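Below you'll find the structure, written out as structure tokens, and then a few comments.
The values are calculated or read from the model by the stated rules, or taken from the named source; none is laboratory data. As the structure is a computational prediction, the values presented were derived from the model and not from experiment. Methodologically, a virtual Cβ is constructed for each residue, glycine included, from the backbone with ideal geometry; neighbour enumeration extends over all protein chains shown. Heavy atoms of the whole protein, side chains included, go into the accessibility calculation; ligands, DNA and RNA do not. Shrake-Rupley method; radii C 1.70, N 1.55, O 1.52, S 1.80 Å.
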Amino acid sequence: MQQIFEQNVSFNQVRRRRLMQICAITALGLMAALAVANGITFIIFATGIGTLLLAFGLAFKQKLQTAAYILLWSMSAMLSAFALTGAGLFDLAILGYPGLLMFAAILGSIGLFVSLLLFVIAQCILLTWLTLQGYITPHIPSLSWPHLVFILVIFIITGFCVYVMVRDIKRLMLSLQQENNKVQQSQAKIQHLAHHDSLTNLANRSYGETLFQQLLASCHKQQQQLALLFIDLDNFKPVNDALGHAAGDDLLKQLARRLTAILPADHALIRFGGDEFLVLAPNAADSNHLDQLAERLISQITSPFEILQTQVSVSASVGIACAPKDGTDFKQLCRKADIAMYRAKEEGRNTYHYFDDSLDKANDDKFKLLQMLRLALSEQQFRLYYQPQVGLDSGSISAVEALLRWPQADGSMIGPDQFIPVAESSGLINELGSWVLGQACQHCAQLRQQGFVNLRVAVNLSVVQFKDGQLQNIVEQALQLAGLPAQALELELTESLLVDNTDHVLQQLNVLSQLGVTFAIDDFGTGYSNLSYLRRFNASTLKIDRSFISTEQQWQANAPLVQAIIQMATSLGLNTVAEGIENADMAKNLRALGCHDGQGYYWSPAVAIAQLPALLNKLQLQAKAL
Ligand code: C2E
Ligand code: MG
Ligand code: MG
């Protein structure tokens, strides 16, 4: 609006200037002609000069429309007067009309132009008629110097006015051209913004699809395949959390520059979203080439970044799918490359994996399993089984571990190893874990009422259950509802939880510890096996993983290690539990090394709650007999 207003103002100013210039130059021309005029001609010129000065004054006062009318009509009248009193249609004055019509077209309104044109036509007809009827006799003068002056005055005035007005038009066209260029540039800019990610300036997902189609078409012509590499940064979130989002943005920008620099010109790099990137690699003739490409990408990503004067390292998992082998639809191919990328993550991250149909099937199975899990949870199909932990010296029962079971309609049982990972990756573990805690506390409280007064229950926890910070409330509620003292509950944690999420977890463990709940480190020896964690996390029990003692052979190989673990744990004041004891010999071996408790098929597999009292009674009787 502002622009239109400004354009209008400047257009009117130009028009005003032109009107004043035309009035001035015409008046000057007429004054020159006045010098050589006489009689009636003199009077006409003098009147013309007067009206021109009036038009000049009006233009000066911004009355442009009126000024244009007065200028053009007075000039027309002047030319008519000359023609009528002079040589009629052959009078020199007729030469002035084309100029006047041009001014009217450029400076005046359409009404002024049309009326002037009609006036000129009518006058020519009238002059012709008057002459033919003999009412006027054209007075064709013999040539004289004053005539030349008149002719020159007409040409100079007309020429000058046409020149300035055409120059205005040229300028206008030039500025229009410039405006047009600007519009085209901003259109290109808008298109670029719509197609590119504003942070990294890489092609965005929607433009990525267009690039994919173009590359696919050219690969198709050359009978080559187009590979799609799906890159996901493995530990980008901690960078954002620790150094802030600006630092995270900086890392992504640096990363985009690095990857762009190493990619061949015909490859495309796309920011798929967040910390996910796509590479489109056309004409990937063999997997050797793709292996090398994936390795180069990973090595670029893993070399440290300098961010806020800090060396930051991330790694990446890459999934690869190829068109047409794995499909030709962009979304399908992205999904498949994504599935392959997850497999790369499962394989320990910082590596790449090709898609194949077995992955798709595994993914489908996972999806189906997740649907079934949701239903099972809402229909309360899960059951808790319990496996006792037995004192290796005394034979007395120190605790029972709650282990999840999923009974099937055909009588079979799906074990937790199969469904816990799916429940974890889908977040369903929160709901499932809360249910387990509630049930386990209730069962333990019931058993204590039935006479197993000092019985304790151990419940396995997943890392995911610590994420939303609600765990302490859930534990407290479970204990309260069951009326179970916190000391009767032991929570089993795995080492990975302690390594990855230190502060966040530590805080929650402290609150739980203050309630009186104790912690056990499960499957010790399979992960980082760092004893210093155990002190920091205030664990009271260490459970030695069953893989050390699962076979006689394993035992032979691992006995010194197990001995060292037991000694160090005991020196830290920790209780030790050996998992997976299947026979009396193994129980004896571990007792000899100073291990406190054992758990395993030697005493019993995990049993349903209904069978647990009988099992506990039997084990207590055995203990008395020792
Ligand atoms: P875990 O906590 O280490 O549990 C011990 C596993 O060893 C149980 O397998 C148990 O049945 C098995 N086991 C015990 N004694 C023996 C033995 O003498 N020989 C052999 N071969 N195996 C023995 P299960 O019940 O299949 O549980 C597997 C894992 O699933 C558990 O390992 C635990 O990590 C997880 N899990 C079970 N229930 C839950 C739960 O409620 N929540 C979470 N987050 N995880 C659970
Ligand atoms: Mg356990
Ligand atoms: Mg274990």
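Report in % the part of the accessible area of the range 505-626 that belongs to carbon and sulfur, leaving out ligands and nucleic acids; probe 1.4 Å.
Taking all protein chains in place, the range 505-626 shows 50 percent carbon and sulfur surface.
Hey, rough spin-label estimate for Asp365 and His196, points 7 angstrom out along Cα→Cβ, what's it come to in nanometres?
In this crude label model, Asp365 to His196 measures out at 4.6 nm.
Given contacts defined as C-alpha pairs under 8 Å and at least six residues apart, what's the relative contact order of the range 367-625, whole-number percent?
Computed value for the range 367-625: 21 percent relative contact order.
Residues with beta-carbon under 11 Å from that of Leu243, excluding Leu243: net charge, scoring Lys, Arg +1 and Asp, Glu -1?
Net local charge, Leu243 excluded: -3.
Taking 7 Å along the Cα-to-C-beta vector as the label spot, tell me the Glu306-Ile121 distance in nanometres, rounded to one decimal.
Calculated label separation equals 8.2 nm.
Among 184-197, 32-45, how do they line up by average Cβ neighbours within 10 Å per residue, starting with the highest?
32-45, 184-197
Normalised by the residues of the chain, what does the relative contact order come to in percent, with Cα pairs under 8 Å and at least six apart?
8
Given 0.36 nm per residue, what is the gain on full extension from Met372 to Arg257 after removing their alpha carbon distance, in nm?
Taking 0.36 nm per residue and subtracting the Cα distance, the gain is 36.9 nm.
Taking each full run of DSSP H in the chain as one helix, which ones are at least 27 Å long along their axis (Cα atoms) and have mean Kyte-Doolittle hydropathy of at least 0.0?
2-36, 39-60, 64-85, 110-133, 145-195
Which value, in Å², gives the accessible area per residue of the range 2-173 when a 1.4 Å probe is used on the protein heavy atoms?
Accessible surface, normalised per residue, equals 56 Å².
Can you give the convex hull volume of the alpha carbon atoms of the range 176-216 per residue, in Å³?
Value for the range 176-216: 73 Å³ per residue.
Once each part is reduced to its C-alpha centroid, what is the distance from the range 23-85 to the range 407-452 in angstrom?
107
Semi-axes of the range 205-355's equivalent ellipsoid from the Cα gyration tensor, sqrt of 5 times each eigenvalue, largest first, rounded to whole Å?
Three semi-axes, in Å: 27, 15, 14.
For the range 342-487, with equal point scatterers placed on the C-alpha atoms only and solvent neglected, what are the log10 I(q)/I(0) values from the Debye formula at q = 0.12, 0.19, 0.20 1/Å, to two decimals?
Debye output, listed in q order: -0.62, -1.19, -1.26.
So what are the three principal axis dimensions of the chain from its Cα atoms, in whole Å, longest to shortest?
Principal-axis extents of the Cα atoms in the chain, largest first: 156, 57, 53 Å.
If R0 is 41 Å, what FRET efficiency do you get for Lys467 and Glu295 from their C-beta distance, rounded to 0.05?
Calculated transfer efficiency: 0.80.
Whole-Å semi-axes of the range 228-279's equivalent ellipsoid, largest first, each the root of 5 times a Cα gyration tensor eigenvalue?
The answer is 22, 12, 7 Å, longest axis first.
What's the Kirkwood radius of the range 367-625 in Å, using all Cα pairs?
18.9
What Kirkwood hydrodynamic radius, in Å, does the range 2-173 give when the mean of 1/r is taken over all pairs of distinct Cα atoms and then inverted?
For the range 2-173, inverting the mean 1/r across all distinct Cα pairs yields 16.8 Å.
Full-extension gain between Thr526 and Ser315, please, as 0.36 nm times their residue separation minus the C-alpha to C-alpha distance.
Gain on stretching Thr526 to Ser315: 73.7 nm.
At a Förster radius of 45 Å, what calculated FRET efficiency corresponds to the Cβ-Cβ distance of Asp393 and Ser496, to the nearest 0.05?
About 0.90, to the nearest 0.05.
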